[in-house]
Amino acid sequence: MSKMLPTRKRKALCAFILLDHLENELEEETVKRQKKQFWVRSWLLKRQEKGCFHTLLDELHHEDPTHYRSWLRLDEDCFKQLLDMVTPLIKREDTVMREAISPAERLAVTLRYLATGETFSSLSYSFRISRQAISEIVLEVCKAIYTVLKGNFLKIPSTEEEWHTIAKRFEDVWQFPKCIGALDGKHVQSPDNSGSYYHNYKGTDSIVLMALVDADLQFVYVDVGTNGRVSDGGVWNKTTLCQALMGNKLHIPPPSPLPGRIKPVPFVVVADAAFSLKNHLMKPYPENQLNSESRVFNYRLSRARRCVENAFGVLANRMRVFRAPIALSPKKVEHIVLASTALHNFLRRQKTGRALYTPVTLTDREDLGTGDVLPGEWRAEPAPSSMVQLRATGSNNYATNAKAVREEFRDYFSTNGAVSWQQMFH
């Protein structure tokens with residue numbers, strides 16, 4: 001019994017030492033964690049002294065308004081107007097530990113990201129805000145921009161009067177009556193690690209942006225988020241707009257004759273060969289079916305359809321985040337796209353902001369005297385690698401009704417609706 005006591009004491013002593021060691025390790029780890037939690041790089045603490053929002057942007061604001069507009073893609077009035085709208089959604093309260101980043105700075109960070117496509121790391125160095133905070137700010141502000149703008153600047157028409165207004169602009173500007181929009185889609189490249197779910201025909205990951213554009217290059221409707229794996233021909237059929245059109249749920253005016261004609265035809269959307277011909281969707285005649293009248297039809301349709309080409313071109317030229325694949329998850333890219341398209345419309349409707357955002361030379365123009373199309377400056381740039389065109393997958397086997405609608409437009413453009421210069425263009 002006396003021999004057993006030292007052994008028990010030794011075991012108890014070892015257990016005590018082990019427990020004390022574990023407690024010390026736990027205490028040290030807690031201290032390290034606390035230090036890590038509250039430690040901030042010294043250069044980030046100088047944000048209000050040396051960050052570009054407080055230095056360069058402030059200097060441009062007071063001394064060089066032209067480059068201020070170039071830096072943010074909008075002027076001071078537009079910035080203030082947008083800031084007033086998003087502030088309630090993005091304002092944060094100061095804490096005991098630090099002063100909150102102001103709504104103005106949060107908005108400036110996001111606009112700079114959209115305007116340049118800079119990486120979050122690059123923006124972190126220039127604004128002196130941590131990369132993690134930048135990523136949170138950009139997503140938060142993009143959501144806020146879309147939320148406050150969509151009601152007035154990206155709302156699909158819901159009355160016959162609104163659709164009539166769009167159609168009247170197409171008739172006045174592009175001489176294409178009964179047109180309620182130009183349709184096209186793009187694959188927006190978004191690297192993803194979820195296998196083949198987002199793989200498109202190019203072998204890259206993407207989500208699809210489908211857009212309907214009016215005669216003034218404004219987005220009437222956008223559908224974004226369909227995974228790139230879906231066949232290009234099927235993307236349009238999956239959109240809420242297509243389903244609403246097919247179900248007659250958009251309060252589009254009923255069919256009526258073209259000017260000077262007798263046969264009623266529906267209001268239509270114009271698109272390219274990537275889509276299938278439908279009663280409400282007009283596309284060009286195939287090259288192997290062209291005669292004089294169908295060539296004129298293709299020319300007249302291409303003039304109206306050029307609106308959506310230019311809208312995408314302007315978007316990628318001014319919002320250069322689309323110049324390269326966006327290194328964010330597909331869900332986050334959806335918010336980037338929605339905010340950008342809403343912001344595009346917002347700037348297109350500003351009295352001064354419109355000319356600054358889209359100068360006349362940026363978009364295509366026609367010289368009706370010579371028959372030449374003067375390409376917009378956006379076409380001189382390499383195609384944005386973030387936006388890939390849909391493939392032409394539409395069938396040439398169409399319903400009889402759809403063919404009849406296209407033939408009525410074809411005949412109209414060669415008779416009652418002919419314009420003096422169309423023979424030079426086609």
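The values are calculated or read from the model by the stated rules, or taken from the named source; none is laboratory data. No experiment lies behind these values; they were computed from the predicted model shown. Glycine also receives a Cβ, built like all others from the backbone with ideal geometry; neighbour counts cover every protein chain displayed. Heavy atoms of the whole protein, side chains included, go into the accessibility calculation; ligands, DNA and RNA do not. Shrake-Rupley method; radii C 1.70, N 1.55, O 1.52, S 1.80 Å.
Of note:
- The residue that is least open to solvent (accessible area, probe 1.4 Å), counting only those in segment 319-348 that are over 14 Å from Lys143 (Cα atoms) and among the polar types (S, T, N, Q), is Asn345.
- Hey, Leu114 at pLDDT 95 or above and either hydrophobic (A, V, I, L, M, F, W, C) or not in a helix (DSSP H, G or I) (or both) or not: yes
- Output for segment 185-195, where each listed residue is at pLDDT 65 or above and over 20 Å from Val321 (Cα atoms): none
- Residues satisfying the stated conditions in segment 88-111, i.e. surrounded by 12 or more Cβ atoms within 10 Å (Cβ to Cβ) and assigned to a helix (DSSP H, G or I): Leu89, Ile90, Pro103, Ala104, Glu105, Arg106, Leu107, Ala108, Val109, Thr110, Leu111
- Looking only at segment 159-184, and only at residues there that are within 23 Å of Cys242 (Cβ to Cβ) and of a type in the set (Val, Ile, Thr), the one that is modelled with the lowest pLDDT: Thr159
- Of all residues making up segment 246-269, the number that are more than 13 Å from Glu160 (Cα to Cα), open to solvent by 80 Å² or more (accessible area, probe 1.4 Å) and among the charged types (D, E, K, R): 1
- Residue in segment 53-73 that is among the charged types (D, E, K, R), open to solvent by 30 Å² or more (accessible area, probe 1.4 Å), in a helix (DSSP H, G or I) and within 18 Å of Ile336 (Cβ to Cβ) present: no
- Segment 243-285, residues that are touching an Asp or Glu at 6+ places or on another chain (Cβ under 9 Å) and closer than 16 Å to Val222 by Cα: Ala271
- Identity of the residue in segment 154-171, in contact (Cβ under 8 Å) with a residue 12 or more places away in the chain and in a helix (DSSP H, G or I), that ends up nearest to Val268 (Cα to Cα): Ala167
- Cys78 falls short of the stated requirement of being out of contact with any Asp or Glu (no Cβ under 9 Å at 6 or more places or on another chain), at pLDDT 95 or above and part of a helix (DSSP H, G or I).
- When segment 196-219 is filtered for residues that are in a loop (DSSP other than H, G, I, E, B) and either modelled with pLDDT of 85 or more or open to solvent by 40 Å² or more (accessible area, probe 1.4 Å) (or both), the ones remaining, listed by number, are Ser196, Tyr197, Tyr201, Lys202, Gly203, Thr204, Asp214, Ala215, Asp216, Leu217, Gln218.
- Unmet requirement for Arg128, which otherwise passes all of (1) over 18 Å from the mean Cα position of the chain (by Cα); (2) closer than 22 Å to Val314 by Cα; (3) surrounded by 20 or more Cβ atoms within 10 Å (Cβ to Cβ); (4) of a type in the set (Lys, Arg): (2)
- Considering residues of segment 379-399 that are at pLDDT 85 or above and in contact with a helix residue (DSSP H, G or I) (Cβ under 8 Å, 6 or more places away or on another chain) only, the residue surrounded by the fewest Cβ atoms within 10 Å (Cβ to Cβ): Glu381
- The set of residues in segment 332-358 being among the charged types (D, E, K, R) and under 16 Å from Lys186 (Cα atoms) consists of Glu334 alone.
- Number of residues in segment 286-314 that are closer than 19 Å to Tyr221 by Cα and touching an Asp or Glu at 6+ places or on another chain (Cβ under 9 Å) equals 9.
- Ala316 vs. criteria open to solvent by 50 Å² or more (accessible area, probe 1.4 Å), within 30 Å of Glu136 (Cα to Cα) and small (Gly, Ala, Ser): no
- Scanning segment 220-250 for residues that are modelled with pLDDT of 90 or more and touching a Pro at 6+ places or on another chain (Cβ under 8 Å) returns a single hit, Val220.
- The lone exception for Pro259 - which of (1) part of a loop (DSSP other than H, G, I, E, B); (2) within 17 Å of Lys186 (Cβ to Cβ) it fails: (2)
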